[in-house]
Amino acid sequence: MTAERSAVRFAVLGDSLSEGIGDPLPRGGWRGWAVLLAEGITERPQDTVVVNAASSGARTGDVAGEQLATALRHRPHLASVVAGGNDTLRGGFDIEAVAGDLHHAIGALRAAGADVLTACLPDPGTVLNLPWPLARPLERRMRALNDTVHALSAHHGALHVHAADHPWTTSPGALSADRLHPSETGHRLLARDFHACLAAAGVATGPAPQPEPDGAPPGPAASVWWMATRGTRWVADRCTDLLPDLLRLAWEEYRHVRRGTAPLLDLAAAEATARALDGLGLTGTAPAGYTRRVGATGTKRILVPGGDWAAAGSEPSGTTPMTG
């Protein structure tokens, strides 16, 4: 970025996290980490214009479609692409489609001259404290998403923030009433990490967002009220889509654990991630925690956790790929 620009245009692409859910404004609507970050991109907050195309429930296809078109029309200097969480929470999760969408969105923004900010995401099963048969399939999906985002960020030269184990998922008062999105405190913590990333790259020149919230964090009563008034609809929407798929995956998880073959599920997920990246021509860009090995003659080349096992059907070493 250069000082001659009269205003920095910041385009925000993504889902409810980037829309600002969990950080309500006094007169309605949402603020969120992106607006908090924008106030410190330049020395004067008024010198940054935010175009927030993110929307609740958006999937990567929405990001690569309408949201990307909106962002490009505004010729952004900076853009954020933080998406994929909703894809992991819906039936028929397809890492190849998700990877293709994100590759297209990040690549188009970079080709238009924008600096692009990305982030890996926390595992929803852990945040929601789900039982292990339900949590592990979701964790495996999120691992695939995060490894893909890592690889795409490296390939496109994006500025990446590791948010998979971010404090907003565990810090007191950092979760909103729905227990899935960050509260104002959580959004401020995220904004500060994004600001540190941009500042280290010389993109942000203004002050970091303040960590202290304007209002009190939501208490247990707020969570009960959210579930009674809005949460039941949220759960119902996913019961018709995610739940049948998740129950099938949970049963499959249980059977593999009983047989001692659960690592094969990790192997299958690793292979799917490798195929997604190979299909985009990113064969040389291995996700963090993976090593490319060549199997014996006639076996497939795949990306595997740890690097001690390579051929399809071979035994795992026990090493777990890094998530995020």
Suppose a student asked you for the relative contact order of the stretch 8-220, using Cα pairs under 8 Å spaced at least 6 residues apart; what percent would you report?
24 percent
Amide H proximity to Leu175 below 5 Å, modelled H, separation 5+ or other chain, gives Ser183
With a sphere of radius 14 Å drawn around the Cβ of Ala79, what net charge do the other residues whose Cβ falls strictly inside it have (Lys, Arg +1; Asp, Glu -1)?
+3
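So for Trp33, Trp132, fewest C-beta neighbours within 10 Å to most, what's the order?
Trp132, Trp33
Using the number of other C-beta atoms within 10 angstrom as an exposure proxy, rank Phe194, Phe93 with the fewest first.
Ascending number of Cβ neighbours within 10 Å: Phe93, Phe194.
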With all distinct Cα pairs included, what does the Kirkwood hydrodynamic radius of the stretch 114-180 come out to in Å, to one decimal, could you say?
13.0 Å
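Of Glu212, Glu184, how do they rank once you tally other Cβ atoms within 10 Å and put the fewest first?
If I rank by nearby Cβ atoms, fewest first, I get Glu212, Glu184.
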The stretch 8-220: D in µm²/s via Stokes-Einstein (Kirkwood Rh, Cα pairs, 20 °C, 1.002 mPa s)?
126 µm²/s
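Every number in this text was worked out from the coordinates using simple rules, so none of it is lab data. Just so it is clear, the model here is predicted, and its values are computed rather than measured. Virtual Cβ from ideal backbone geometry, glycine too; neighbours counted across all protein chains shown.
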